[in-house]
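The structure appears below as structure tokens.
The values are calculated or read from the model by the stated rules, or taken from the named source; none is laboratory data. What you see is a predicted model, and the numbers here were worked out from it, not measured in a lab. Here Cβ is always computed from backbone atoms with ideal geometry, including for glycine, and neighbour counts include all displayed protein chains. Each accessible area value is taken on the protein alone, full model and side chains, heavy atoms only, with ligands, DNA and RNA left out. Shrake-Rupley method; radii C 1.70, N 1.55, O 1.52, S 1.80 Å.
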Amino acid sequence: FSCHLSDLLCSLLGLLYQEYRDKSTREEIETRRLQDSQTDPEGTSPSEETPSEAEPRSTAENKAPPQISLLRNSNSRFNLWQDLPEVRNSGVLSILQPDEIKLQEAMFELVTSEASYYKSLNLLVSHFMENERLKKILHPSEAHILFSNVLDVMAVSERFLLDLEQRVEENIVISDVCDIVFQHTVNHFSVYITYVSNQTYQERAYKQLLQDKPAFREVISQLELDPKCKGLSFSSFLILPFQRITRLKLLVQNILKKVEEKSDRESTALDAHKELETVVKACNEGVRKMSRTEQMISIQKKLEFKIKSVPIISHSRWLLKQGELQQMNGPKTSRTLRTKKLFREIYLFLFNDLLVICRQIPGDKYQVFDSAPRGLLRVEELEDQGQSLANVFILRLLENADDREASYMLKASSQSEMKRWMISLAPNRRTKFVSFTSRLVDCPQIQCVHPYVAQQPDELSLELADVLNILDKTDDGWIFGERLHDQERGWFPSSMGEEILNPKIRAQNLKECFRVHKSDDSQRRKLGSRNRQ
């Protein structure tokens, strides 16, 4: 085990990765709050001022700063690059431009956060996985599901960290880290896909073990109480690899926003980001595929067809939304509106390519009485709504199960539920605000200040400091948003975030987002021109 690596871990880390990550995102939120509160749209903060051309640039020709052994000082905790004694004593801070110092900090954070992550992984393995009491309680197959290939993940992190540390030790002014990220992502990071794809089974196995094995529950509780865990739960260690691969992509995005345009460092950052995005998407797909397959089997068992049967299970099909709505019966007359049986319950299963309309029957079953391809659905909100017709919309099936057009007048339980159904049923329908992908100059934005875990398929899980464009909102506290860093869309409670009011900050967020994804855009343009030809 490298003495450099052990020095790094001993000297840097008072913080486990969970703490490091939380501290980092909280600081990001506070920085954005501060920027948002600056009302002078023309003003530029001192840290953002462009240095005059007379200032010397940081080049190897100007000065070759002394080499250092990374973070050997034992008092270092969550340091900034510029706070390192070696950096301060070298005089390099008077040579570098402010933008270059920001870039150094962004690259340094990627390295230090990997060290913190490795420390937490090491604790997961040494403190939990290799605990002798736990080994005796768990069957080998249970241990395999619970810990998956975490040893492979830790070995990959160690190798990655060694290469990063070696780069930092070459020179106190870090030349680049994204080339190392690129190489490791391409050659080694597939272990993350394996680990994350197992997440559904891992969560279920953990819940089952807590429920079925009191001895397991007792040992885990005791291990969690150990001071080295710092009050963090066992499950917070299990989820580390998924959190890290997602965070790594954001750290590379942060570097990409700070490198010079059309430079070699921009090129390596774009390459690293593209490869990380591929891995993150594969991780997400792995998780979704496992849970979707089981969900489709469960739904298929509950359906009884009154009409011609439709095969539900398909590798390319998944559930988007399900739930109860009220279907209006009879003509819209004032007398009918006063009757108690104006609406009757129906239940909808909406898949990515199919809508199934049912009525619930005894035994947790659903009788299907109509269906239509999702592409042949149209929705329309009622214009003049009295109280009885509040949250009512029209659903049209251009071609239903009987090969004819059909209309349903449906009532939702709330305004947000109505809007959520309308957007899910007809995704191409215009939202209240135009999305990021339209390249609009300005659009309402929100910053996540409380994490949120999606409860329904049409909801979006949020991490602290996520920035989203607001596409639609409801009067009863829900927002339909599009996250800037990955363009994922979904609903979430408005209480999870704070709206970004400063138009300058919104414009900056969009500009940075376009830059990060410009390689994707150029690929799409090339593909589009080939298709036209």
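Which members of the range 454-480 meet the condition of being within 13 Å of the chain's Cα centre (by Cα) and within 20 Å of Asn352 (Cβ to Cβ)?
Residues of the range 454-480 that are within 13 Å of the chain's Cα centre (by Cα), as a first pass: 454, 459-468.
Scanning the range 454-480 gives Ala454, Glu459, Leu460, Ser461.
Pick out the one residue from Val173, Val111 that is open to solvent by less than 10 Å² (accessible area, probe 1.4 Å), closer than 20 Å to Leu251 by Cβ and β-branched (Val, Ile, Thr).
When all the criteria are applied, what remains is Val111.
Here's the yes/no breakdown for (1) at pLDDT 95 or above; (2) among the acidic types (Asp, Glu); (3) within 34 Å of the chain's Cα centre (by Cα):
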residue: Glu285; (1), (2), (3): no, yes, yes
residue: Ser314; (1), (2), (3): no, no, yes
residue: Ile346; (1), (2), (3): yes, no, yes
residue: Gln367; (1), (2), (3): yes, no, no
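Determine the pairs where a residue that is in the same structural domain as Lys411 (by the TED database) and at pLDDT 70 or above, located within the range 380-391, has a partner that is open to solvent by 70 Å² or more (accessible area, probe 1.4 Å) and of a type outside the set (D, E, K, R) with Cβ atoms under 8 Å apart, the partner being 6 or more residues away or on another chain.
Between residues of the range 380-391 that are in the same structural domain as Lys411 (by the TED database) and at pLDDT 70 or above and residues that are open to solvent by 70 Å² or more (accessible area, probe 1.4 Å) and of a type outside the set (D, E, K, R), the close pairs are Asn391/Ser413.
Taking the conditions exactly as written (modelled with pLDDT under 95, farther than 30 Å from Arg359 by Cα and not in a helix (DSSP H, G or I)), does Lys262 satisfy them or not?
Against the criterion (modelled with pLDDT under 95, farther than 30 Å from Arg359 by Cα and not in a helix (DSSP H, G or I)), Lys262 qualifies.
Pull out all pairs, ordered by first then second residue, where Cβ-Cβ is under 7 Å, the residues are six or more apart or on different chains, the first lies in the range 247-266 and is touching a residue at least 60 places away in the same chain (Cβ under 8 Å) and farther than 18 Å from Ser24 by Cα, and the second is in a loop (DSSP other than H, G, I, E, B) and open to solvent by less than 70 Å² (accessible area, probe 1.4 Å).
Arg265/Asp176; Arg265/Val259
Quick grid of which residues meet (1) at negative phi; (2) outside any loop (DSSP other than H, G, I, E, B); (3) not aliphatic (A, V, I, L, M):
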position: Glu482; (1), (2), (3): yes, yes, yes
position: Asp486; (1), (2), (3): yes, no, yes
position: Phe492; (1), (2), (3): yes, yes, yes
position: Ser495; (1), (2), (3): yes, yes, yes
position: Ile505; (1), (2), (3): yes, yes, no
position: Leu510; (1), (2), (3): yes, yes, no
position: Cys513; (1), (2), (3): yes, yes, yes
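Would you check which residues across the range 286-309 are open to solvent by less than 60 Å² (accessible area, probe 1.4 Å) and among the small types (Gly, Ala, Ser) and list them?
Answer for the range 286-309, where residues must be open to solvent by less than 60 Å² (accessible area, probe 1.4 Å) and among the small types (Gly, Ala, Ser): Gly286, Ser291, Ser298.
Being in a helix (DSSP H, G or I), closer than 25 Å to Asn149 by Cα and open to solvent by less than 20 Å² (accessible area, probe 1.4 Å): is that true of Lys281 here?
no
Is it the case that the range 218-225 has a residue that's over 22 Å from Val150 (Cβ atoms), surrounded by 20 or more Cβ atoms within 10 Å (Cβ to Cβ) and not assigned by the TED database to the domain that holds Leu510?
No, the range 218-225 has no match at all.
I'd like to check something: does the range 168-179 contain any residue that is modelled with pLDDT of 95 or more, outside any loop (DSSP other than H, G, I, E, B) and assigned by the TED database to the domain that holds Leu84?
Within the range 168-179, one or more residues are modelled with pLDDT of 95 or more, outside any loop (DSSP other than H, G, I, E, B) and assigned by the TED database to the domain that holds Leu84.
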